[in-house]
Amino acid sequence: MNCYVHDRSAAVGICAVCQKAVCRACVGADAPRIVCRACLEQRAVFGFEYRSAAAIGGWPLIHICLGMDPVTMRPKVARGVVAIGNVAVGAIAIAGLACGLVTIGGASVGLVFSLGGLAAGLGFSVGGLAIGSVALGGLAIGFVHGIGGAAFGPSIIDARRCDRATLDFVRQWLGSGILPPNCR
Ligand SMILES: [Zn+2]
Ligand SMILES: [Zn+2]
């Protein structure tokens, strides 16, 4: 078997992406898998990728990436002002693992707002386990306010306590519908 570009050179392997035989000179990357130069340059994604032409500060306005990087075999990271993917980093990030200012995800790290099974941030966090200035969750750890089944923070509402400052905050911003019965 010879290289598909250089038909006189013996192939050293098969590109994991395009399945063509490549010689030593044509290997673009050999770890963790052999990938030819052409595929390495394209970095085509298995799955779906959309990147808006509009960009702000070098970041695409919208980047949706639901696929694997063929070279590393890791989920490709969506990176954009609005990022949606398996792993997303952006001002607004929605993903299994999301990082950004406003995030929604299984594990969500948002500076301003995060929503997820595990939500952590400096702003408003909502999740099974929520950590934030204002944390709302089954287990809520708030730097200012914590609201949840079990809440920790300077001012909290949970099954046992009902602090005035948090009560005022909830009434003003969230509505009293979310208050536990002991607090209404
Ligand atoms: Zn290839
Ligand atoms: Zn070659």
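Every number here is computed from the coordinates shown, using simple stated rules; none is lab data. None of these values were measured; they are calculated from a predicted model. Please note: Cβ atoms are built from the backbone with ideal geometry, for glycine as well, and neighbour counts cover all protein chains shown.
Data overview
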{"read-out": "Length-normalised contact order for the chain - Cα pairs under 8 Å, 6+ apart - percent", "value": "7 percent"}
{"read-out": "Antiparallel bridges, percent of DSSP beta bridges restricted to the stretch 45-112 (to nearest 5)", "value": "25 percent"}
{"read-out": "Histogram of C-alpha separations across the chain, 5 Å bin width, %", "value": "2, 9, 13, 13, 11, 10, 9, 8, 7, 5, 4, 3, 3, 2, 1, 0, 0"}
{"read-out": "Cleavage-rule hits (trypsin sites (Lys or Arg not before Pro)) in the stretch 32-86: DSSP loop, at most 15 neighbouring Cβ within 10 angstrom", "value": "R33, R43"}
{"read-out": "Computed FRET value (nearest 0.05) for L111 with W173, which takes r as the C-beta separation and R₀ as 22 Å", "value": "0.75"}
{"read-out": "Extended-chain gain in nm, criterion 0.36 nm per residue less alpha-carbon gap, N2 and L122", "value": "37.5 nm"}
{"read-out": "Label-point gap, in nm, between Q42 and R161 - each point 7 angstrom along Cα→Cβ", "value": "5.9 nm"}
{"read-out": "Charge dipole (the stretch 1-68, unit charges on Cβ, about Cα centre) - positive-most of N2, C65, A53", "value": "N2"}
{"read-out": "Packing-based exposure ordering (other Cβ within 10 Å, fewest first) of Y4, Y50", "value": "Y50, Y4"}
{"read-out": "DSSP bridge orientation in the stretch 1-143 - percent antiparallel, rounded to nearest 5", "value": "25 percent"}
{"read-out": "Expected-Rg normalisation [2.2 N^0.38 Å, Cα atoms] applied to the stretch 1-42", "value": "0.98"}
{"read-out": "Sorted peptide list for 10-22, 103-115, criterion being average Cβ within 10 angstrom, highest first", "value": "103-115, 10-22"}
{"read-out": "The stretch 149-166 - phi-based ³J(HN,Hα) in whole Hz, Karplus 6.51/-1.76/1.60, Gly and Pro as x", "value": "x, 10, 10, 10, x, x, 9, 9, 10, 8, 4, 10, 10, 8, 6, 4, 4, 5"}
{"read-out": "For the stretch 10-54 versus the stretch 114-179, the gap between their alpha-carbon centres in whole angstrom", "value": "47 Å"}
{"read-out": "Kirkwood hydrodynamic radius over Cα pairs of the stretch 83-184, then Stokes diffusion coefficient at 37 °C and 0.692 mPa s, in µm²/s", "value": "253 µm²/s"}
{"read-out": "Binned Cα-Cα distances of the stretch 45-112, short to long, each 10 Å bin given as a whole percent", "value": "28, 50, 21, 0"}
